[in-house]
Structures are given as C-alpha cells and as structure tokens.
1. Based on alpha-carbon positions alone, could you give the equivalent ellipsoid semi-axes of segment 29-154 from the gyration tensor, as √(5λ), descending, whole Å?
2. Within the set of other residues whose C-beta is less than 14 Å from the C-beta of Gly159, count the net charge using Lys and Arg as +1 and Asp and Glu as -1.
3. Once both labels are modelled 7 Å past Cα along the beta-carbon direction, what's the Asp144-Val203 spacing in nm?
4. Convert each backbone phi in segment 184-198 into a coupling constant with the Karplus relation 6.51 cos²θ - 1.76 cosθ + 1.60 (shift: θ = phi - 60°), then list the ³J(HN,Hα) values in order as whole Hz, x for Gly and Pro.
5. In whole percent, how big is the carbon plus sulfur part of the accessible area of the chain, probe 1.4 Å, protein atoms only?
6. Nearest 500 deg cm²/dmol is fine: what mean residue ellipticity at 222 nm does the chain get from its DSSP H runs of n ≥ 4 alone, each adding -39,500 (n - 2.57), divided by its residue count?
7. Give the accessible surface of segment 66-218 per residue, rounded to a whole number of Å², with probe radius 1.4 Å and ligands, DNA and RNA excluded.
8. Can you pull the Rg over Rh of segment 30-79, Cα-only, Kirkwood?
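The values are calculated or read from the model by the stated rules, or taken from the named source; none is laboratory data. This one's a predicted model, so the numbers in the text were calculated from it and none came from an experiment. Cβ atoms come from the backbone with ideal geometry, glycine included; neighbour counts cover every protein chain shown. SASA here: full protein model, heavy atoms, side chains in, ligands and nucleic acids out. Shrake-Rupley method; radii C 1.70, N 1.55, O 1.52, S 1.80 Å.
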Amino acid sequence: MARRDIAGIFKSAVLGAALVGGLALPAQADELELSATTALTTDYVFRGISQTNQNPAIQGSLDAAYGIFYAGVWGSNITFADSLELDWYGGIASEWNGIGYDVGVIWYTYPGVSSTDYVEIKTGLSYGFTDNFTAGVTNYWSPDLKADALEAGAEYTFGTIMNFFDPSVSGLIGWQWFDAGGDYTYWNVGLTLGFMENWAVDVRYWDTDISDASCGAITGGPDDCSGRVVGTLSASF
C-alpha cells in the first residue's frame, strides 16, 4: 500500500540508507560534526514503490552528530502531497561489543498537506562479521499508521581499487504490515561505486510482490510497484 493511499510509508532510502537499506550508522564524534548530501536519482523508490511515478528526483539532507546523538532533515520531490516531502529525524547510534545499534524517531512531513504527516520509531542492529561484510536488521513502527516494516540487509565492501574506486554490493528484503491489511514484501540488490572521496554511483534493482492491478488501484500507476533498475548519483560534504 503506497503513501497516496495511507499518507505515506517511510522510504528505505532516508537516513543515508538510500543505498544500503539502513545499515549505516552515524559515526561517533567527540565534537559536533555537520554533513550534507545531495543526490540525483532516476526514480524515488520507497520500500519497492515509486514515489515519483517512475520519474527522476532530486534529494538532499543536512545532518549533525555529537557523540552517540544525531539529527537531520532529508527532502525529495514527489508526485503527490503538493510534490514535496521533508523528513526530520533524530536518535542515538553507537556500538557495543561489536554490535551496532540505532534507535531514533522519524517525522515525515508534507508541507501544505499536514494531514498526511506521520511518525515512525526506528530500531536497528548491525554486526560486522569481517572488515568487509556487515549485516543487520531494522524495524520501523508507526503508531499513526498502525503499521510495521522489518528489513534485513547486508553489504560487502571490496576495498579501494586503483587508489580511486571503492565498490560495494548490498541488498535487503523487507516486509510491510498494516493492521488494516494490504501487507507486502519488497527487496533490492545493487552495486555502489564510491569515487573521489565524496562521490558515489549506485545501480540498484527494486521489486515487490504487489500485483499490477493492486498497484494501479493504490498509486494510479500499475507499474509503480514492478521491478525496475534505479540509478543514483550522490555527493556528500
């Protein structure tokens, strides 16, 4: 069920998990650290469902971290709710005995259409089995939507190639549940190629088990839930 029908369901991509599905945690810091990201993507896909009717999106975020605490805002164009989404988030993220944890609150807002705003509680755990391989699980619970999403993901990094490229492969599978029904499964797998320290290109395949007929009834676009390849160019500062 897409947000046009139930006021939105958080995208896997927010919080920098746009490419990895939620395994990345804010780094610990002894002082205030500020950062920003910007991205151009061929399709804004949230939990397997296009939020831009399979059209491109421009996205960006501003983040602050201090010790285990972090906060930020992320935005993107969309094709509903006055065409703008702003997500505000904050929480704590750190590591204990090799296990990473992330507990936070995310407030999804749609300026001009406040009736669609909602909150999710995020809880995540990850573990680095080797220097190159990390896996984790993340749950998103929305008391407003009476819904849960559980994601299991993994990432493998290959190390620097030719002192320039930093490739990695990652994927996730997620399950979305609603008290009112309309549950579904979604997944993705892709390659991320970092370069020039701050830049990255991601090519990712997304899909769901939602039928074309059901997707069309929910979003107005029967192909918005089908399999597709999404390309994203991003930069961080």
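1. Values: eigenvalues 140, 59, 53 Å².
Sorted largest first and rounded, they come to 26, 17, 16 Å.
2. Details: positive: none; negative: Asp131, Glu155, Asp166.
The answer is -3.
3. 3.7 nm
4. Residue by residue, segment 184-198 yields 7, 10, 9, 7, 8, 8, x, 10, 10, 10, x, 7, 6, 6, 10 Hz.
5. 62 percent
6. Details: 2 runs with 12 residues, N = 237.
So the helix-based figure for the chain works out to -1000 deg cm²/dmol.
7. Accessible area per residue: 51 Å².
8. Working: Rg = 13.8 Å, Rh = 12.2 Å.
Dividing the radius of gyration by the Kirkwood radius yields 1.13.
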